[in-house]
């Protein structure tokens, strides 16, 4: 993938990221990617994040994945989701400023903890036109903040995800406003141990339907 190493500010610290810019005439939009829980080994090189970035670039999107504070070469330390939300806001602004056309809309994709920290920030800014939540851990975190969001949203979950069980997912998903889509990945648990490649098709559908 054509990515370059970047650093950008979030409050008084610097965050490490990988930025890819598409050609100005062909770019469809930009996507910010938020990785899973930093205290359980999550970082921007996570294989789910990697394949999502690759798919977005193939579909003509500029991309930014980054390490939350305290991860990799990012400054600061774990902040229980509070400081991480500041990091998401900084990442959105950084990608926006680096796009060749500032009118290009942005999307945000969060995986697990990344969905819980990233999406609440994304739905409050006019820059983000749609979100993807991969494996939102409904058993651990409250995702009611998505119920009133009227933008494009795509939920991707493994049908064996112990942190997003079927009945809880069904009840929560029914309460979400349209437009919305749900993709169940057969045989996948929360970590997509052998099913990462099955994420490509629903991600392509999302990127192609968003604009």
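Observations on the model:
- Filtering segment 91-100 to residues that are part of a helix (DSSP H, G or I) and crowded, with 18+ Cβ neighbours inside 10 Å leaves 91, 92, 94, 95, 96.
- When we screen 103, 147, 124 for residues that are surrounded by fewer than 17 Cβ atoms within 10 Å (Cβ to Cβ) and under 17 Å from the mean Cα position of the chain (by Cα), the only hit is 124.
- Residue tally, condition surrounded by fewer than 21 Cβ atoms within 10 Å (Cβ to Cβ), outside any loop (DSSP other than H, G, I, E, B) and in contact with a strand residue (DSSP E or B) (Cβ under 9 Å, 6 or more places away or on another chain), over segment 56-89: 4
- Summed over segment 190-204, the residues that are touching a strand residue (DSSP E or B) at 6+ places or on another chain (Cβ under 8 Å) and within 17 Å of residue 35 (Cα to Cα) give a count of 4.
- Condition met for residue 33 (part of a loop (DSSP other than H, G, I, E, B) and under 26 Å from residue 155 (Cβ atoms)): no
- Test result for residue 186, over 14 Å from the mean Cα position of the chain (by Cα) and over 24 Å from residue 92 (Cβ atoms): yes
- Residues that are crowded, with 17+ Cβ neighbours inside 10 Å and closer than 13 Å to residue 154 by Cβ, drawn from segment 185-211: 185, 199, 202, 203, 206, 207, 210
Only the coordinates and a few stated rules stand behind these numbers; no lab work does. Everything numeric here is computed off the predicted structure, so don't read it as measured data. When we count neighbours, we look across all protein chains shown, and the Cβ atoms used for this are built from the backbone with ideal geometry, even at glycine.
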